[in-house]
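Below is the structure I would like to discuss, written out as structure tokens.
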Amino acid sequence: LRTAAVIPAAGRGIRLGPGAPKALRALGGTPMLIHAVRAMAASRAVSLVVVVAPPDGAPEVKHLLDEHSLPDHTDYLVVPGGDTRQESVGLGLDALPEDVSVVLVHDAARPLVPVETVDSVVGAVRNGAHAVVPALPLSDTVKEVEPAVVPGEPEPVLATPVRARLRAVQTPQGFDRDTLVRAHAEVALDGEGATDDAGMVERLGEPVVVVPGHEEAFKVTRPLDLVLAEAVLARRRA
Ligand code: CTP
Ligand code: MG
């Protein structure tokens, strides 16, 4: 069972603020994307990494992969991405060779996921789960609201789900290839697209299971996340 990791890295990183596409910004002097690629290739199970580059950035990303040292038990492919994360993942799936039967989808924006998390997701798929997501319990209580039309206006609360039953999902999410390809083929592109691949599999009516995630698999989304990521990296290097 050959396992491939698809890394969507085509986003702009609007919430991080002005600058280069998020995946190409430096973390400890190395592009975030390179950390994410190394995190996938760190797993002995992963024999192919498909990077989905910003639409006009594939040559630059190929060059980056060539100039950084990467494990050589893994092959690397670069394809241009699309307007939404969902489209970018779909374009990555289209590039998979036939002999791949297990697919991980991992955000370039989660550069510090530990190999233990990658291995436990792969392990759960190899043990027969068709869709596996790493996730953590929440610290904050979550409320469902009626979103304000004018930003900043007070928003009426509709419900407070029981916190103990909620999980914040991370990546890599792992799939039996046929299940994920079917989800991408059958679940329509609606506006923003899906924010998570397992959610598309759920919409097929197929079961999805959660395994323990890791605090260091957090997504770099806003400027404060970059501060935390730099600190985690500095601690690892100490
Ligand atoms: N992504 C992608 N193609 C897109 C949009 C997002 O490949 N058209 C990727 C991002 O590069 C990122 C992952 O999906 O690795 C998770 O998305 P997110 O954290 O939202 O990143 P961005 O979309 O870049 O950030 P923002 O939403 O703040 O613009
Ligand atoms: Mg986004």
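All of the numbers you see were taken from the coordinates with simple rules; none came from a lab. None of these values were measured; they are calculated from a predicted model. Backbone-built Cβ (ideal geometry, glycine too); neighbour counts: all protein chains shown.
Which percent, nearest 5, of DSSP beta bridges in the stretch 1-121 are antiparallel?
10
With point charges of +1 on the Cβ of Lys and Arg and -1 on the Cβ of Asp and Glu, referenced to the Cα centre of the chain, which listed residue (Val125, Ala185, Pro55) lies farthest in the positive direction of the dipole?
Projecting each Cα onto the dipole axis, the largest value belongs to Val125.
Taking N as the number of residues in the chain, what is its Cα Rg relative to 2.2 N^0.38 Å?
Cα-based Rg divided by the globular estimate yields 1.00.
Where both partners of a DSSP beta bridge lie in the chain, what percent of those bridges are antiparallel, to the nearest 5?
40
Let me ask something else about it. Within the set of other residues whose C-beta is less than 10 Å from the C-beta of Pro161, count the net charge using Lys and Arg as +1 and Asp and Glu as -1.
Residues near Pro161 contribute +2 overall.
At a 10 Å Cβ-Cβ cut-off, how would you order Ser88, Ser47, fewest neighbours first?
Neighbour counts put them in this order, fewest first: Ser47, Ser88.
Using DSSP loop states and a limit of at most 15 other Cβ atoms within 10 Å to flag GluC sites (Glu not before Pro), what is the longest stretch of the chain containing no flagged site?
1-97
Which of the trypsin sites (Lys or Arg not before Pro) found in the stretch 3-39 are in a DSSP loop and have at most 13 neighbouring Cβ atoms, other than their own, within 10 Å?
Values: sites: Arg12, Arg15, Lys22, Arg25, Arg38; in loops: Arg12, Arg25.
Sites meeting the loop and neighbour criteria: Arg12.
Let me ask you something else. Between Ala164 and Val142, what is the label-point separation in nm under the 7 Å Cα-to-beta-carbon projection?
For Val142 paired with Ala164, the spin-label model returns 1.7 nm.
With each label point set 7 Å from Cα along the Cα-Cβ vector, what nm distance links Ala188 and Leu1?
If labels sit at Ala188 and Leu1, their model points lie 3.4 nm apart.
Given just the C-alpha atoms of the stretch 63-135, how large is their convex hull per residue in cubic angstrom?
Numbers: hull volume 10.1 nm³, N = 73.
Per residue, the Cα convex hull of the stretch 63-135 comes to 139 Å³.
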